[in-house]
Amino acid sequence: MKAHTKETQATVTPQKSLAFLKEGNERFQNNLKANRNLLEQVNDTSEGQFPFATILSCIDSRVSAELVFDQGLGDVFSIRIAGNFVNEDILGSMEFGCKLAGTKLVVVLGHTSCGAIKGACDHARLGNLTALINKIEPAVAAVKEPKDESIRNSKNLEFVDRVAVKNVEITIDNIRERSRVLVDMEEKGEIMIVGAMYDLATGAVEFYNY
């Protein structure tokens, strides 16, 4: 599989970009990697990059976007931060990826049993981590069930995963509220913005359209 060029990138639609990721995740789940020469891709991308997707995911060591979607060099922009939320810098990176570098798809990728989400559920406080947790806590508050505070914590993994899904949804809402650049591109059909959840137990990614 060759690295994308300016010409091949121009033929990719948002829908094709999503299909590429779904197909890649199927290969990953079945341990069937695409045949690609990474050293050849180093050479092919040495003077330019033409990725098709911008993916915001967690820093979790088990959730590398390039691996779980079986992508090569030059295929995706990968933005990683604990809890996969957005701030001004991340939005700027997304705008660069889409408006200037030509990606057709923005994916917010959460995952099951997320440590950052667990920290938010427990209202953890530790140094600079406190400010990060504060940005995720609105997702905890937005999940109304269970009401019993004694089981609204990291020990309740079902609750944790529901908060993780809600956090993806809130992050997408924040992208649309805070980036006129991306909203304009989405309204024109130039890009799609989608959510997704990665299952640590199976390797499967489930996509959401909000």
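Numbers at a glance
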{"read-out": "Residues (acidic (Asp, Glu) and not in a helix (DSSP H, G or I)) located in segment 143-155", "value": "GLU145, ASP148"}
{"read-out": "Pairs where the first residue, in segment 151-175, is within 23 Å of GLY97 (Cβ to Cβ) and buried (at least 20 other Cβ atoms within 10 Å of the Cβ) and the second is of a type in the set (Phe, Trp, Tyr) and at pLDDT below 95, C-beta under 6 Å, 6+ apart", "value": "ILE172/TYR210"}
{"read-out": "Tally of residues being of a type outside the set (Gly, Ala, Ser) and in contact with a helix residue (DSSP H, G or I) (Cβ under 7 Å, 6 or more places away or on another chain) across segment 152-200", "value": "21"}
{"read-out": "Residues satisfying the stated conditions in segment 176-210, i.e. on the phi > 0 side of the Ramachandran plot and surrounded by 14 or more Cβ atoms within 10 Å (Cβ to Cβ)", "value": "GLY203"}
{"read-out": "Residues located in segment 79-108, provided they are more than 19 Å from GLN15 (Cα to Cα), of a type in the set (S, T, N, Q) and touching a helix residue (DSSP H, G or I) at 6+ places or on another chain (Cβ under 7 Å)", "value": "ASN84"}
{"read-out": "Within segment 108-132, tally of residues that are in a loop (DSSP other than H, G, I, E, B) and of a type outside the set (S, T, N, Q)", "value": "7"}
{"read-out": "Residue within segment 27-50 that is within 19 Å of ASN209 (Cα to Cα) and at pLDDT 95 or above present", "value": "no"}
{"read-out": "Scope segment 156-204; condition closer than 21 Å to SER64 by Cα, charged (D, E, K, R) and in a loop (DSSP other than H, G, I, E, B); matching residues", "value": "ASP199"}
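The values are calculated or read from the model by the stated rules, or taken from the named source; none is laboratory data. It should be emphasised that the depicted structure is a prediction, and the values quoted were computed from it without experimental measurement. Note: ideal-geometry Cβ built from the backbone for every residue, glycine included; neighbour counts use all protein chains shown.
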